[in-house]
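One structure below.
The values are calculated or read from the model by the stated rules, or taken from the named source; none is laboratory data. All values derive from a computational prediction rather than experimental measurement. No Cβ is skipped: glycine too gets one built from the backbone with ideal geometry, and neighbour counts run over all protein chains shown. These accessible areas exclude ligands, DNA and RNA; they are computed on the full protein's heavy atoms, side chains included. Shrake-Rupley method; radii C 1.70, N 1.55, O 1.52, S 1.80 Å.
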Amino acid sequence: MKPVNIGLLGLGTVGGGTARVLANNAAEIARRAGREIQVIHAAARGLGDQRPEGTDAVEMTEDAFAVVNNPQVDIVVELIGGDSPARELVMQAIENGKHVVTANKALIAKYGNEIFAAAQAKGVVVAFEAAVAGGIPIIKAIREGLSANRIQWIAGIINGTGNFILTEMRDKARDFADVLAEAQALGYAEADPTFDVEGIDAAHKLCILSSIAFGVPLQFEKVYTEGISKVSQDDVTFAAQLGYRIKHLGVTRATDNGIEMRVHPTLIPENRLIANVDGVMNAVLIMADKLGPSLYYGAGAGADPTASAVVADIVDVTRSLTTDPDNRVPHLAFQPSRINDTPVLSMDEVETAYYLRLNALDKPGVLADITRIMGESEISIEAILQKEPPKGETNATIILLTQRILEAQMNRAIDAIQQLDSVSGEVTRIRVESLSSE
Ligand code: HSE
């Protein structure tokens with residue numbers, strides 16, 4: 001059988017890794033795909049004489065559209081990242097009747113609905129395994145492996161850089177900027193690292209997971225997004241004293257009123273497996289009605305792990321080249337005509353438990369005022385921890401753990417607590433998830 005021809009857009013960390021993996025494992029990959037897979041054309045800027053491993057025989061260009069418009073190319077692999085020109089290139093590739101493989105989570109999260117509709121109309125596949133959790137085959141697991149189940153919720157550590165930073169803060173009390181610089185040097189961080197530390201990258205990925213779990217359109221703008229940049233060393237330490245770890249989680253849950261989509265720092269019990277996922281590793285915990293809990297763990301970033309997912313998609317697309325377009329795995333797991341409009345809940349409508357840290361005068365009645373406000377707001381307190389004021393100071397740190405309550409009710413209680421004369425500054429709030437099977 002004639003080889004399958006790949007056009008590669010981008011030869012950076014993931015693009016270079018993809019060329020290398022295809023070359024290193026060519027024989028094994030061909031045994032699986034049933035055909036040779038060869039990169040024939042690649043677009044990259046500023047390479048000079050430096051050619052990544054596996055690209056010696058590849059025609060090089062700086063013009064990505066030349067690759068997309070090359071009639072010899074069967075599959076376009078988009079590894080440039082970002083919105084533009086990735087979006088235009090992918091739409092042009094589809095228009096040209098080419099299949100597409102991409103690792104671009106921002107592209108899928110923001111423009112996936114239009115991209116999949118165009119691909120459907122043209123009878124081509126757009127595969128995006130590497131867009132979520134790097135090398136972990138989580139898209140395949142949800143779309144195919146769990147297709148018998150109603151998915152109840154998903155909670156994932158889906159940004160390697162953020163997890164690397166939180167792990168180093170906990171284990172080595174290292175400086176935030178210093179750890180971020182290391183993640184950048186290792187090729188884990190996004191081109192704009194605020195995407196990692198402010199939760200945007202995780203929000204892109206969560207929105208994709210939510211759509212394929214619940215059969216709803218991609219709605220990136222509805223994801224509640226909070227990053228790790230305000231997590232302090234104090235909170236990491238207090239959480240540990242209470243038996244918790246702070247992880248940056250993406251959570252999506254089907255409730256009776258709608259779907260939750262949220263990304264934020266979260267306290268999780270330290271004895272959960274997912275609480276022990278450290279460094280750049282990712283993990284996705286899925287609660288499904290028939291299987292129960294299942295946990296998917298692996299490298300969430302880096303050249304070879306991400307290339308592993310990209311190449312798996314290339315193999316998948318190769319196998320499906322001769323199949324009937326109407327009988328392929330749907331892009332969003334559910335048949336396009338059966339995608340529904342279940343509402344997405346605002347953060348005010350989400351129910352979760354809370355860790356609160358506040359600074360208050362160390363004198364009689366202060367704690368009583370705080371617990372009175374909680375009682376009036378119908379918030380049940382699970383645990384209280386008070387730290388003595390440092391010598392010579394009059395303010396103490398108070399930590400409260402609450403039971404589950406509607407976020408809107410918690411916001412009202414926090415406002416009232418902040419208005420107490422005895423409380424200084426803002427109340428720090430971190431959400432708590434038990435992630436139990438019940
Ligand atoms: N910046 C991302 C991360 C890369 O750190 O997880 C993989 O998407």
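Structural remarks
- Helix 13-24 and the longest principal axis of the C-alpha atoms of the chain enclose an angle of approximately 50°.
- Euclidean distance between Cα centres, region 1-47 to region 334-405, Å: 51 Å
- Among Val427, Val132, Val280, the largest mean-square fluctuation in a Gaussian network model of the chain (Cα springs under 10 Å) belongs to Val427.
- For region 226-307, the C-alpha radius of gyration sits at 1.24 times the compact-globule guess of 2.2 N^0.38 Å, with N the residue count.
- Degrees between helix 105-122 axis and first principal axis of the chain (Cα, 0 to 90, nearest 10): 40 degrees
- Charge dipole (Cα centre; +1 on Lys/Arg Cβ, -1 on Asp/Glu Cβ; no other charges) of the chain amounts to roughly 980 debye.
- Each Cα pair under 8 Å and six or more residues apart adds its separation to the average, and for the chain the resulting relative contact order is 16 percent.
- Between region 149-228 and region 64-79, the alpha-carbon center distance in angstrom: 30 Å
- Per residue, region 53-109 exposes 39 Å² of accessible surface when a 1.4 Å probe is rolled over the protein heavy atoms with every protein chain present.
- Once both labels are positioned 7 Å from their Cα atoms along Cα-to-Cβ, the gap between Arg174 and Glu144 label points is 3.7 nm.
- Carbon-plus-sulfur accessible fraction, region 139-298 (probe radius 1.4 Å, protein heavy atoms only): 50%.
- Residues in region 164-249 average 39 Å² of solvent-accessible surface per residue, probe 1.4 Å, ligands and nucleic acids excluded.
- Peptides 202-210, 97-105 ranked from most to least packed, by the mean per-residue count of other Cβ atoms within 10 Å: 202-210, 97-105.
- Solvent-accessible area per residue for region 351-432 (1.4 angstrom probe, square angstrom): 51 Å²
- For Glu426, net neighbour charge (Lys/Arg +1, Asp/Glu -1) across residues whose Cβ lies under 12 Å away: +2
- Proximal charge balance of Ile115 [Cβ under 14 Å; K/R count +1, D/E count -1]: 0
- Area of His264 that stays accessible when all protein chains are in place (1.4 Å probe, Å², to 10): 0 Å²
- Accessible-area composition of region 351-432, carbon plus sulfur, in percent [1.4 Å probe]: 44 percent
- Here is the list for region 329-438: trypsin sites (Lys or Arg not before Pro) lying in DSSP coil, each with at most 12 other C-beta atoms within 10 angstrom of its C-beta, are Lys391.
- Helix axis angle, 176-185 relative to the chain longest principal axis, alpha carbon, degrees: 10 degrees
- Nonlocal Lys pairs with alpha-carbon distance under 23 Å, region 139-298 (8 or more apart, or different chains): 10
- Lys/Arg +1, Asp/Glu -1 at C-beta; the chain dipole; positive extreme among Ala23, Ser346, Gly162: Ala23
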